[in-house]
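What follows is a single structure, written as C-alpha cells, with notes after it.
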Amino acid sequence: MQTVRSVDLLLAYDWPYDRPFVHLLGEIFDGHGLQLLAVSPESLEQDFSDLQSGRVAARAYLDRASDTD
C-alpha cells in the first residue's frame, strides 16, 4: 500500500522574489507542527507527479503562480 504524505498548505509560486516569503512561511509552519509544500518551477514536475499519483495530498492551496507566463 502506498503511503500518502499529507501537507497542510501547497504553495505554488514562480516569482524569485517570493523565496524569502516562502522560506519564512516554512519556518512558521515548522514551528507550529504544520507541513508546507512549496512548489517552484524547479520542483514542479516532481511535485505535480506526486500529486497526480496520490503520493501527496494537500489540505489547502495558495496559488501565486498562475497569473504569470
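The values are calculated or read from the model by the stated rules, or taken from the named source; none is laboratory data. Small disclaimer: the values here were computed from a predicted structure and weren't measured. Cβ: placed from backbone, ideal geometry, glycine included. Neighbour counts: every protein chain shown. We work out accessible area using only protein heavy atoms, side chains counted, and drop any ligands, DNA or RNA first. Shrake-Rupley method; radii C 1.70, N 1.55, O 1.52, S 1.80 Å.
The candidates 68, 3, arranged from most to least accessible area with a 1.4 Å probe in the full protein assembly, appear as 3, 68.
Projected over every direction and averaged, the convex hull enclosing the alpha-carbon atoms of the chain yields 5.0 nm².
Look at the alpha carbon pairs under 8 Å that are at least 6 residues apart: their mean separation over the length of the chain gives a relative contact order of 56 percent. Figure note: 67, 14, 47 ranked by solvent-accessible area, largest first, 1.4 Å probe, ligands and nucleic acids not counted: 67, 14, 47. Take every DSSP beta bridge whose two residues both sit in the chain; close to 0 percent of them are antiparallel. The charge dipole of the chain, taken about the Cα centre with unit charges on the Cβ atoms of Lys, Arg (+1) and Asp, Glu (-1), comes to about 300 debye, rounded to the nearest 20.
Rounded to the nearest 500, what is the chain's calculated 222 nm mean residue ellipticity when only DSSP H runs of at least 4 contribute -39500 (n - 2.57) each, over all residues?
After summing the helix terms and dividing by residue count, I get -10000 deg cm²/dmol.
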